[in-house]
Amino acid sequence: MNSTPTAREDLIVRELDDEVVVFDPVSSNAHNLNPTAAAILLLCDGTRDPGEIAREVARTFSVDEEKARADVAKALEEFQTRGLIEPCPAH
């Protein structure tokens, strides 16, 4: 993915206990995210490419960068499918 994914600005994000709930006002769907998925979504601010997001996730959660890359790729694919992120041209 040669882009810097951006979470949609109209999403409503709320932290509840050990998870984050994301409400999509367009589809009226709510999505429960675990801490890793929530961190990935929050890092989708349009300034980082997937590799940079993976490095930050690896550092934050003290995991191997290759594992983080796989997790980030899977999460970004899921976010894209659900319409939660929009790819932007790379900076």
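The values are calculated or read from the model by the stated rules, or taken from the named source; none is laboratory data. Everything numeric here is computed off the predicted structure, so don't read it as measured data. FYI the Cβ positions are ideal-geometry reconstructions off the backbone, even for glycines, and counts take in every protein chain you see.
Below, the figures for the structure above:
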quantity	calculated
Residue among L41, L11, L16 that is among the aliphatic types (A, V, I, L, M) and free of Cβ contacts under 8 Å to residues at least 12 places away in the same chain	L16
Extreme residue, nearest to the chain's Cα centre (by Cα), among residues of the range 14-39 that are of a type in the set (A, V, I, L, M, F, W, C) and part of a strand (DSSP E or B)	L33
Residue pairs meeting the criteria (Cβ under 9 Å; at least 6 apart or on separate chains; first over 17 Å from A38 (Cβ atoms), in the range 49-70; second part of a loop (DSSP other than H, G, I, E, B))	D49/M1; D49/N2; D49/T4; D49/P5; D49/A90; D49/H91; E52/T4; R55/R48
Within the range 35-91, considering residues that are within 13 Å of T6 (Cα to Cα), out of contact with any helix residue (DSSP H, G or I) (no Cβ under 9 Å at 6 or more places or on another chain) and aliphatic (A, V, I, L, M), the one modelled with the highest pLDDT	L42
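Rundown of residues vs (1) touching an Asp or Glu at 6+ places or on another chain (Cβ under 8 Å); (2) farther than 19 Å from K67 by Cβ; (3) surrounded by fewer than 15 Cβ atoms within 10 Å (Cβ to Cβ); (4) among the charged types (D, E, K, R), yes/no style:
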{"site": "E15", "(1), (2), (3), (4)": "no, yes, yes, yes"}
{"site": "D18", "(1), (2), (3), (4)": "no, yes, yes, yes"}
{"site": "V22", "(1), (2), (3), (4)": "no, yes, no, no"}
{"site": "A30", "(1), (2), (3), (4)": "yes, yes, yes, no"}
{"site": "T36", "(1), (2), (3), (4)": "yes, no, no, no"}
{"site": "T47", "(1), (2), (3), (4)": "no, yes, yes, no"}
{"site": "E52", "(1), (2), (3), (4)": "no, no, yes, yes"}
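This table checks each residue for (1) exposed (fewer than 13 other Cβ atoms within 10 Å of the Cβ); (2) under 24 Å from V26 (Cβ atoms); (3) of a type in the set (D, E).
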| site | (1), (2), (3) |
| --- | --- |
| L42 | no, yes, no |
| R55 | no, no, no |
| A58 | no, no, no |
| V63 | no, no, no |
| A68 | no, no, no |
| D71 | no, no, yes |
| K74 | yes, yes, no |
| E77 | yes, yes, yes |
| E86 | no, yes, yes |
